[in-house]
Amino acid sequence: MVIVFNKNVRSSEVEDVIKKLTELGLNIHKSTDGSRIIINVLGDKRGKDISDIETMSGVLGVHRITEPFLRAGREFRSENTVVAIGDMNIGGDDIAVIAGPCTIESHEQLYSTAKILRKRGIKILRGGAFKPRTSPYSFQGLGREGLKMMREIADKVGMYTISELLDIRDLDLFIGKIDIIQVGARNMNNYPLLKELGSLKKPVLLKRGMSATIEEWLLAAEYLLVNGNPNIILCERGTKSFEPLTRFSLDLASIAIINRKSHLPVIVDPSHSSGNRELVIPMAKAAIAAGAQGIMVEVHINPERAVCDGSQSLYPSQFIGLMDEIDRISAAIGKKVQY
Ligand code: PEP
Ligand code: MN
């Protein structure tokens, strides 16, 4: 149960409600949502008379929440969350497409890719500067230089940027350079990181952990929301399964489940879930047809030469062909791609 107070509530009114709840043996978690005080009431409410809380002074409303995630759920907020990124949005009526290389390798590599993407209308450029590599001997990313390069190139061609933040100590490097902060699959459970990003208003793309259930993923989003950041985008990127022919198994059902249970936008990464560029194209199309509000696709100017994830990176020509199909699928379901 969630109790929402009026904007001009007096602290004594909040205290009266808290007193009543504690007398009933219930635990509470108090926080603010914008300018309103909110109390999450935790614990078993059966047999406890909470009916008069709704009419107590200062109370705006009481929401009965049956899911363990409170703010991420539709029971708390029925209308879709729309995350604005400049003149674009993720979560509105239209599809958002993010594309770019797995990692920023050089100025020439990123610039040439960005020019092709922008020419096709794409407005959000992806590229890792701090890479979460399985082996410590693999390329770790260009770091600060990579972020600087990304901002310069994005400004030159007219794009927004998204890049993964691995360590909260690097946050300052991202501010002003990166428009959407990505939390990767490996960090979905990094709760201290989520708490810190929750204290910002900057859009955060939260990838599903590779072994996370949908509920665990929404509870990770809850960490961001309860700490005050409403600008959360979910990203399905596949989970581990016993199937060796794909890198991960893309869970298309999660899109439909998220759209039903949560007001947060959900996009799909068909690249990391597939591991193979031939699978990326059908999975990207399926994601849009299933109701994803966007896709994030790896594209490389020369995939054979890619420093990482070359086998799942699309050739620019493949990506352009995919976008033509995505345009048609979007139209068939009454949407359009934002350009
Ligand atoms: C990425 O998008 O660069 C990435 C590393 O993906 P994931 O966190 O899903 O593995
Ligand atoms: Mn990658």
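The values are calculated or read from the model by the stated rules, or taken from the named source; none is laboratory data. This one's a predicted model, so the numbers in the text were calculated from it and none came from an experiment. Note that each Cβ is placed from the backbone with ideal geometry, even for glycine, and that neighbours are counted across all protein chains shown. Calculation scope for accessible area: heavy atoms of the full protein, side chains included, ligands and nucleic acids excluded. Shrake-Rupley method; radii C 1.70, N 1.55, O 1.52, S 1.80 Å.
To the nearest 10 degrees, how steeply does helix 316-332 sit against the main Cα axis of the chain, on a 0 to 90 scale?
Between helix and principal axis, roughly 40 degrees.
Calculate what fraction, in whole %, of the accessible area of the stretch 239-339 sits on carbon and sulfur atoms when a 1.4 Å probe is rolled over the protein chains.
Working: 2380 of 4150 Å².
Carbon with sulfur: 57 percent of the solvent-accessible area.
Using the Karplus curve 6.51 cos²θ - 1.76 cosθ + 1.60 with θ = phi - 60°, work out ³J(HN,Hα) for each residue of the stretch 139-154 in order, rounded to whole Hz, and write x for Gly and Pro.
3, 9, x, 7, x, 3, 4, x, 5, 4, 4, 5, 5, 4, 5, 4
Nearest 0.05, what FRET efficiency do Lys336 and Lys202 give at R0 = 22 Å with Cβ-Cβ as r? All intermediate terms of the calculation are to be shown ahead of the outcome.
Details: r = 27 Å, r/R0 = 1.21.
Working from the Cβ atoms, E equals 0.25.
Rank Ile95, Met159, Ile65 by how far each Cα sits towards the positive end of the charge dipole of the chain (+1 on Lys, Arg Cβ; -1 on Asp, Glu Cβ) and give me just the farthest.
About the Cα centre, the residue reaching furthest to the positive side is Met159.
What length, rounded to one decimal in nm, is gained on full extension from Ser12 through to Ile168, with 0.36 nm per residue of separation minus their alpha-carbon distance?
Details: separation 156, 0.36 × 156 = 56.16 nm, distance 3.73 nm.
Additional length available on full extension: 52.4 nm.
Give the carbon-plus-sulfur fraction of the accessible surface of the stretch 2-63 in %, rounded to a whole number; probe 1.4 Å, heavy atoms of protein chains only.
On the way: 1670 of 3580 Å².
C and S atoms contribute 47 percent here.
Helix 277-289 versus the longest principal axis of the chain: what angle, 0 to 90°, nearest 10, using Cα atoms?
Relative to the chain, helix 277-289 is tipped by roughly 40 degrees.
If ligands, DNA and RNA are left out, what is the accessible area of Glu15 with a 1.4 Å probe, given in Å² to the nearest 10?
100
With +1 on each Lys and Arg Cβ and -1 on each Asp and Glu Cβ, how big is the dipole of the stretch 83-332 about its Cα centre, in debye rounded to the nearest 20?
Numbers: 29 positive and 28 negative charges, 47 e Å.
For this selection, approximately 220 debye.
Which cross-chain or sequence-distant (5 or more) residues have an amide H under 5 Å from the amide H of Ile124, H modelled 1.01 Å from N in plane?
Amide H to amide H, under 5 Å and 5 or more residues apart or across chains, Ile124 pairs with Ala99, Tyr160.
From the convex hull of the Cα coordinates of the chain, what is the mean projected area in square nanometres?
Values: hull surface 73.7 nm².
If I average the Cα hull's projected area over directions, I get 18.4 nm².
Using modelled amide H (1.01 Å from N, peptide plane; none on Pro or chain starts), what sits under 5 Å from the amide H of Gly238, excluding residues fewer than 5 places away?
Excluding prolines and chain starts, which carry no amide H, the hits are Asp251.
Could you work out how much longer the chain between Arg133 and Ala84 gets when fully extended? Use 0.36 nm per residue separation minus the Cα distance between them, nm to one decimal. Can you show the working numbers first?
On the way: separation 49, 0.36 × 49 = 17.64 nm, distance 3.03 nm.
Value of the extension gain: 14.6 nm.
Rounded to the nearest 10 degrees, what's the angle between the helix 214-226 long axis and the longest principal axis of the chain, both from Cα atoms, 0 to 90?
That helix lies at roughly 70 degrees to the long axis.
What nm distance separates the two modelled labels at Arg260 and Ser57, each placed 7 Å from Cα along Cα→Cβ?
For Arg260 paired with Ser57, the spin-label model returns 4.5 nm.
Express the accessible area of the chain per residue in Å², computed with a 1.4 Å probe while the remaining protein chains stay in the model. Don't skip to the answer; put the middle values down first.
On the way: 14600 Å² over 339 residues.
Value returned for the chain: 43 Å² of accessible area per residue.
Along the Cα→Cβ direction, 7 angstrom out, place labels at Thr213 and Phe242. What is the inter-label distance in nm?
2.0
Which residue, Leu219, Ala185, Gly146, has the largest displacement toward the positive end of the dipole of the chain when charges sit on each Cβ (Lys, Arg +1; Asp, Glu -1)?
Towards the positive end, the residue furthest out is Gly146.
Order Val226, Val97, most accessible first, counting only protein heavy atoms with a 1.4 angstrom probe. Please report the intermediate quantities before stating the final value.
Numbers: Val226 35, Val97 5 Å².
From most exposed to least exposed: Val226, Val97.
Can you list residues whose amide H is under 5 Å from Lys131's amide H, if they're 5+ apart or on another chain and H is modeled 1.01 Å from N?
Amide H neighbours of Lys131: Gly141.
Over the stretch 180-339, how many percent of alpha carbon pairs lie in each 5 Å bin up to the one with the longest distance?
P(r) over the stretch 180-339, rounded to whole percents: 2, 9, 18, 20, 20, 16, 11, 4, 0.
Is the shape of the stretch 2-63 best called rounded, prolate or oblate, per the rule: a/c under 1.5 gives rounded, else a/b larger than b/c gives prolate, else oblate, with a ≥ b ≥ c the square roots of the Cα gyration tensor eigenvalues? Write down the numbers at each step before the final one.
Working: a/c = 1.80, a/b = 1.56, b/c = 1.16.
Prolate is the answer for the stretch 2-63, as a/c is 1.5 or above and a/b outweighs b/c.
Please list 3J(HN,Hα) in residue order for the stretch 2-15, calculated via the Karplus relation 6.51 cos²θ - 1.76 cosθ + 1.60 where θ = phi - 60°; whole Hz, with x for glycine and proline.
Computed from phi, the couplings for the stretch 2-15 are 10, 10, 10, 9, 4, 4, 9, 4, 8, 5, 5, 5, 5, 4 Hz.
Let me cross-check Lys20: its accessible surface, 1.4 Å probe, with only protein heavy atoms counted, in Å² to the nearest 10?
Counting only protein heavy atoms, Lys20 exposes about 50 Å² to solvent.
Using only the heavy atoms of the protein chains and a 1.4 Å probe, how would Ile301, Ile281, Ile122 rank by accessible area, largest first? Walk me through the numbers before you get to the answer.
Details: Ile301 65, Ile281 30, Ile122 5 Å².
Largest accessible area first, the list is Ile301, Ile281, Ile122.
Taking the Cα centre of the stretch 52-124 as origin, sum charge times position over the Cβ atoms of Lys and Arg (+1) and Asp and Glu (-1), and report the length of that vector in debye to the nearest 20. Don't skip to the end; give the middle numbers.
Working: 9 positive and 10 negative charges, 86 e Å.
Around 420 debye, computed over the stretch 52-124.
Please turn the phi angles of the stretch 199-205 into ³J(HN,Hα) values with the Karplus equation 6.51 cos²θ - 1.76 cosθ + 1.60 (θ = phi - 60°), one per residue in order, whole Hz, x for glycine and proline.
Couplings: 7, 9, 10, 5, x, 10, 9 Hz.
Using alpha carbon centroids, what distance separates the stretch 173-251 and the stretch 275-333, in Å?
When both Cα centres are located, 21 Å separates them.
Counting only protein chains, not ligands or nucleic acids, how are Thr113, Thr246 ordered by accessible area (probe 1.4 Å), most first?
Working: Thr113 5, Thr246 40 Å².
Accessible-area ranking of Thr113, Thr246, largest first: Thr246, Thr113.
Report, in listed order, any pair from Lys123/Lys177; Lys285/Lys335; Lys202/Lys240 with a Cα-Cα distance greater than 18 Å. Numbers along the way, then the final one.
Numbers: Lys123/Lys177 15 Å; Lys285/Lys335 13 Å; Lys202/Lys240 30 Å.
Violating the 18 Å limit, Cα to Cα: Lys202/Lys240.
Give the accessible area for Tyr160 in Å² (nearest 10); use a 1.4 Å probe, count only protein heavy atoms, and leave out ligands, DNA and RNA.
In the full protein context, Tyr160 sits at about 50 Å².
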